[in-house]
Amino acid sequence: MTHRTRMHTRFSVLASVCAVVLVGCKPASQDTDKRLADYQARLQACVDSMENKTRIPIMGGGEIDTSRFAFNVPHMNVTDEGECGAVGFEAEFYWTGEKIVPNAPKFTGLHPTKIPPEWRRLGVGASLGNRRLGNECKAHFDPQKCPDPNRSPSGPPPTWPENLTVRPKAYPGLEMRLSEKRSTHAGFFIVGWPRRDGVTPRVISCWSHEVDFPVHKMSIAELEQLDFGKRTFPCDVEYGSFDFKGGGARISTGTEALRDIVPALKALQQYLSDSIIKED
């Protein structure tokens with residue numbers, strides 16, 4: 001099985017269903033196997049039909065311009081009605097300090113072993129939203145299909161007591177919020193760039209070795225001087241904190257990127273948004 005086939009079959013249904021009985025499980029019915037085989041065939045045909053295209057339809061409306069990515073075909077799905085469209089993608093980019101470039105020689109102009117150490121890696125696991133449904137929700141709200149527009153946004157509160165707020169000098173544009181229950185991971189809140197609702201802060205979570213950086217035990221003065229240096233520990237920005245036109249994504253990077261993570265994320269958001277083509 002090729003890498004491309006494995007990538008797209010993750011959206012398929014399970015191959016068998018077990019019913020718990022006294023003697024164990026019984027095999028799935030022939031009808032289930034037939035439906036699965038039919039779906040897999042339709043999905044593969046969907047993927048194959050997009051192989052030589054650079055403008056690929058998004059499930060529910062819009063298109064994604066794959067000429068701006070290192071992959072040929074994003075994650076696809078196909079409905080029972082025959083609609084074939086993209087539902088997400090996985091990709092890797094670099095922030096050069098000036099612009100976003102996909103991680104591939106045709107974009108970087110460099111052999112993978114020649115990537116400058118100051119370039120920041122940004123891994124993206126994206127989900128493409130149903131833009132058509134979103135437009136319909138704006139036009140005429142349907143409580144059966146649309147999220148409640150009056151629902152309070154989830155996520156951290158927009159403000160935090162000043163005496164419990166720490167601004168690490170090494171990481172401009174980021175702040176840390178302290179509470180009675182301190183976590184072993186470092187949570188950074190982006191200053192001045194809230195989520196889509198305009199108030200909820202975006203969050204970056206990083207994990208370090210407790211022996212080297214026991215952030216949950218550090219004082220405010222120590223946290224102000226926090227600097228991971230060249231040590232690389234994983235950091236993530238979850239879906240709620242990173243949106244772009246037509247979707248949202250989970251961003252993975254490392255502590256070495258924290259020094260300029262805010263301009264990097266803003267540039268990445270713009271790059272992904274520019275890759276989504278609106279419906280007419």
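Among the numbered criteria (1) assigned to a helix (DSSP H, G or I); (2) under 17 Å from the mean Cα position of the chain (by Cα); (3) buried (at least 20 other Cβ atoms within 10 Å of the Cβ), which single criterion is violated by Gly240?
So the condition that Gly240 fails would be (3).
Of the residues Gly248, Gly198, Gly254, Gly187, which single one is within 21 Å of the chain's Cα centre (by Cα) and more than 25 Å from Trp119 (Cα to Cα)?
Numbers: Gly248 fails: more than 25 Å from Trp119 (Cα to Cα); Gly254 fails: more than 25 Å from Trp119 (Cα to Cα); Gly187 fails: more than 25 Å from Trp119 (Cα to Cα).
Among Gly248, Gly198, Gly254, Gly187, only Gly198 is within 21 Å of the chain's Cα centre (by Cα) and more than 25 Å from Trp119 (Cα to Cα).
Which ones in region 54-78 are assigned to a strand (DSSP E or B) and either aliphatic (A, V, I, L, M) or closer than 16 Å to Glu92 by Cβ (or both)?
Across region 54-78, the qualifying residues are Ile56, Ile58, Ile64, His75, Met76, Val78.
Quick one: would you say Glu224 is over 21 Å from the mean Cα position of the chain (by Cα) and not aromatic (Phe, Trp, Tyr)?
Yes; evaluated as a whole, the condition is true for this residue.
Can His216 be described as in a loop (DSSP other than H, G, I, E, B) and not charged (D, E, K, R)?
no
I'd like the residue in region 79-130 that is more than 19 Å from the chain's Cα centre (by Cα) and among the β-branched types (Val, Ile, Thr) and, out of all such residues, is modelled with the lowest pLDDT.
Thr79
I need every pair where a residue in region 241-262 that is closer than 15 Å to Arg202 by Cα and in contact (Cβ under 8 Å) with a residue 24 or more places away in the chain has its Cβ under 9 Å from the Cβ of a residue that is acidic (Asp, Glu) and crowded, with 20+ Cβ neighbours inside 10 Å, sequence separation at least 6 or different chains.
Note: no pairs meet the criteria.
Residue pairs, Cβ under 6 Å, 6 or more apart or interchain, first in region 96-111 and over 17 Å from Thr66 (Cβ atoms), second of a type outside the set (Lys, Arg) and modelled with pLDDT of 95 or more. List them.
Thr96/Trp119; Thr108/Val101
What are the residue pairs meeting all of these: first residue in region 269-280, first residue part of a strand (DSSP E or B), second residue surrounded by fewer than 18 Cβ atoms within 10 Å (Cβ to Cβ) and modelled with pLDDT of 90 or more, Cβ atoms under 8 Å, and 6 or more apart or on different chains?
Ile276/Asp65; Ile276/Lys245; Ile277/Arg55; Ile277/Asp65
The values are calculated or read from the model by the stated rules, or taken from the named source; none is laboratory data. Everything numeric here is computed off the predicted structure, so don't read it as measured data. Here Cβ is always computed from backbone atoms with ideal geometry, including for glycine, and neighbour counts include all displayed protein chains.
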